[in-house]
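Working notes, beginning with the structure itself.
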Amino acid sequence: MENSILTEQDREHLRHCVALAREALAAGDEPFGSVLVDASGAVVRADRNRIAEGDPTAHPELALVRWAIAHMSPQVRARSTVYTSGEHCPMCAAAHAWAGLGRIVYASSSAQLGHWLDSWGIPGPPVQVLPITTVAPSVPVAGPDERLAEEVRLLHARLHGIGGAEL
Ligand SMILES: [Zn+2]
């Protein structure tokens, strides 16, 4: 766990991400959601996981990177924040850093997700689970939020048909 100092505004954006993750799950996808917030605190782009459409790299964090490169100057990107329901995977963390985006705030960490999957006997992802701080050490990060992480855990439990997940 890196840093749990989150503002109320951070939590509001994270709740938005968890709502997007819930929407992804309802649409038959994995429960991940992310928003891109500019320096004024406005949400400029939101997305959710779309791997069920056949592209296993269709993670919301990567989609936000692509959008930011197409629509924001490097200066504006550097002052933007990406909020996400689950900490960036190494692919998305690398893309975020290459794009020169700013801070990342996550509701649940990759370590937490790895622990949940282990405890359920679910195989891990095909890419090594590494924290953002290892992949992109210059990116400021904050998270997880314990209460929202529990909501995310329940979404993943539901994805995998683990009992007791009522949401
Ligand atoms: Zn990813």
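All of the numbers you see were taken from the coordinates with simple rules; none came from a lab. For clarity, every value in this text was computed on a predicted model and none was experimentally measured. Note that each Cβ is placed from the backbone with ideal geometry, even for glycine, and that neighbours are counted across all protein chains shown.
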*Binning at 10 Å from 0, report for the range 26-77 what percent of all alpha-carbon pair distances ends up in each bin.*
25, 48, 22, 5
_Taking the beta-carbon count within 10 Å as an exposure proxy, list Glu53, Glu87 from fewest neighbours to most._
Glu53, Glu87
*Compute the signed sum of charges (Lys and Arg +1, Asp and Glu -1) over the other residues within less than 11 Å, Cβ to Cβ, of Cys17.*
-3
_Please compute the length gained on full extension between Ala70 and Trp120, using 0.36 nm multiplied by the number of residues separating them and subtracting their Cα-Cα distance._
14.1 nm
*5 angstrom amide H check on Val105, placed H, neighbours 5+ away*: Val82, Tyr83, Thr84, Ala142
*Fewest to most neighbouring Cβ within 10 Å: what's the order for Ser40, Ser34, Ser110?*
Ser40, Ser110, Ser34
*Karplus couplings for the range 13-19 from phi (6.51 cos²θ - 1.76 cosθ + 1.60, θ = phi - 60°), rounded to Hz, Gly and Pro as x?*
5, 5, 4, 4, 4, 5, 5
*Stretchable slack from Arg11 to Glu23, in nm (0.36 nm times residue separation minus alpha-carbon distance)*: 2.5 nm
*Using amide H atoms built 1.01 Å from N in the peptide plane, name the residues 5+ places from Val139, or on other chains, whose amide H lies under 5 Å from its own.*
none
*Excluding Ile122 itself, calculate the net charge of residues whose Cβ lies under 14 Å from the Cβ of Ile122, where each Lys or Arg counts +1 and each Asp or Glu counts -1.*
0
*On a 0 to 90° scale, report how tilted helix 146-159 is relative to the longest principal axis of the chain, with both axes built from alpha carbons and the result rounded to the nearest 10.*
60
*Calculate the length of the line joining the C-alpha centroid of the range 73-104 to that of the range 11-41, in whole Å.*
15
_Within a 10 angstrom radius of the beta carbon, how do Leu155, Leu148 rank from fewest other beta carbons to most?_
Leu148, Leu155
*asked:* Run the Debye formula on the Cα coordinates of the range 98-140, all scatterers equal and no solvent, and tell me log10 I(q)/I(0) at q = 0.13, 0.27, 0.29, 0.30 1/Å.
replied: -0.36, -1.01, -1.08, -1.11
*Express the Stokes-Einstein translational diffusion coefficient of the range 56-122 in µm² s⁻¹, to the nearest whole number, given a Kirkwood radius over alpha-carbon pairs, 25 °C and a viscosity of 0.890 mPa s.*
194
*Kindly provide the GluC sites (Glu not before Pro) of the range 108-167 that DSSP labels as loop, not H, G, I, E or B, and whose Cβ sees at most 11 other Cβ atoms within 10 Å.*
Glu166
*asked:* What's the whole-number percent of alpha carbon pairs in the chain lying beyond 29 angstrom?
replied: 11
